[in-house]
1. Any residue in the range 7-27 that is closer than 19 Å to Y171 by Cα, in the same structural domain as D194 (by TED's automatic domain parsing) and at pLDDT 95 or above?
2. All but one of (1) assigned to a helix (DSSP H, G or I); (2) among the polar types (S, T, N, Q); (3) closer than 22 Å to S175 by Cα hold for S79; state the number of the condition that does not hold.
3. Filter the range 272-281 down to residues that are surrounded by fewer than 22 Cβ atoms within 10 Å (Cβ to Cβ) and under 23 Å from the mean Cα position of the chain (by Cα), then give me how many there are.
4. Residues L209, L257: which one is modelled with pLDDT of 95 or more and under 20 Å from F31 (Cβ atoms)?
5. Looking at the range 148-172, I want the residues that are over 21 Å from L205 (Cβ atoms) and have a partner that is hydroxyl-bearing (S, T, Y) and at pLDDT below 90 with Cβ atoms under 6 Å, at least 6 apart or on another chain. Which pairs are those?
6. Among the residues of the range 298-305, are any out of contact with any His (no Cβ under 8 Å at 6 or more places or on another chain) and either within 26 Å of A197 (Cβ to Cβ) or of a type in the set (F, W, Y) (or both)?
7. On the given criteria, is R288 touching a Gly at 6+ places or on another chain (Cβ under 8 Å) and charged (D, E, K, R)?
8. Of the residues that sit in the range 120-151 and are of a type in the set (D, E, K, R) and in contact with a Gly (Cβ under 8 Å, 6 or more places away or on another chain), which one is nearest to S79 (Cα to Cα)?
Amino acid sequence: MTTDATAMPDTLMSSLGLDRPETGDDAVVPFTLDKLDTRGRSVRLGEALDTILSRHNYPAPVARLLGEAVVLASLIGSSLKFDGRFIMQTHTDGPVNLLVVDFDAPDGIRGYARYDHDALLKASEEGKTKPGELLGHGHLAMTIDQGADMERYQGIVALEGESLEEVAHTYFMQSEQIPTMVRLAVAEFMQKGDHRAHWRAGGVLIQHLPQHGQSMMADLPGDGDFDNPHTSDPDFVEPDVWNEAKTLLMTLEDIELADPDLSPERMLFRLYHETGVRVFTPTTLVERCTCSVDRIEDMLATSFTPEDREEMAVDGEIEVVCEFCSTAYHFNPHQFDAKH
C-alpha cells in the first residue's frame, strides 16, 4: 500500500487516503519524495526503547546516546532485503566506550552501552555530554550478518568526536556512496498518570535516489534496486532537488521527532507537503533479545575447557548474565563433560 500526500491539507489526515490508522510508536515508515528524487524511512520508538534504556538504569547522558544508536540501527537495519542481523558497534576512548545495537530483521531490536563511571561524572561536571564528547575517538563498525553460510559485510568508519548523525553521513558516503542525511532525537516524556518519565525517540533517514545499479541495504518497497555512480566523482555537484530535501529536513525539531502526539505520516506531511510525499506500509518493531539457554550452553561447551568452566563456577554453579536483557542463566560446570 502506498499513499500520495501531495497537496493535501495537514489538518485532514483522512484526505491522505490511508486505509489504516496513523502509525504510532515502535514502527518504521518508509516513504519517497518523488519530485525530489529522494527516498527515506522514519522511525518512532516508545515502549521498546524505554525497555532497553530503563532495564539498566543508565545515567541520562548514556541513555540518550544509546537511544540515538538504537534509532540509527533501526533506520538502517529495517532496510535489509533478507532475514539476517544488522549489528552496529562502537569502540572508543570516551566516557561511553562501547555501544552495541543488534537489529534482528525484520523487526527485533536490542542494545547495550558500557561506560566509565568516573569519566562520565567528570564529563558531566565539565558540561561535556554531547554525543561526540561522550564517544571520543575510535571507530564505528556496521556489520550485516546474512547467516551461517553467507559472507558477512562490514563497513568501518573512524569516530573523531563527531555525533552519530555526522558519522552516519560519513559512513554512507564512504561505504555505500549514496548521499544521505540523518536526523536523530531522544527525549524523556512525563505523561498524565505516569509514575516516572519514559524514554522516547525518533529519527528520519533520507537518501538521494540514484538511477542505476544495486545496493545491499538501502532499498524501500516500490523503489527497485539503486546505486549512485556519481557520488565517488570529486566533480559531482549535488542536484537542487537533493539540497531542497535536506534543507526541509533540517527544519525538523527534535521534539517533533519524539512527540507521542505527532504521527510519522503527519510529521512527514508537514515537512514535504509542497513537494509531495508517498508513505508505505509501516513495519512494527519489538524489543527482542536473541540470547537463549542453547546458545549459551554451546558457547560454554565449545569456547572453554573443563578447567576454565571449573574456575568460572561459584558455589558449584556458573552464572551467565546477558548484557542486553539482564537475564541470568545458571549451569553446572560438569554438565558439559559427557557431551564433549
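The values are calculated or read from the model by the stated rules, or taken from the named source; none is laboratory data. Worth saying up front: this structure is predicted, and the values here are computed from it rather than measured. Cβ placement follows ideal geometry from the backbone for every residue including glycine, while neighbour counts extend to all protein chains displayed.
1. no
2. Going through (1) assigned to a helix (DSSP H, G or I); (2) among the polar types (S, T, N, Q); (3) closer than 22 Å to S175 by Cα one by one, S79 breaks only (1).
3. 3
4. Checking each option against the conditions leaves just L257.
5. none
6. yes
7. Here the answer is yes, as R288 does meet what is asked.
8. Going through the qualifying residues, I end up with D145.
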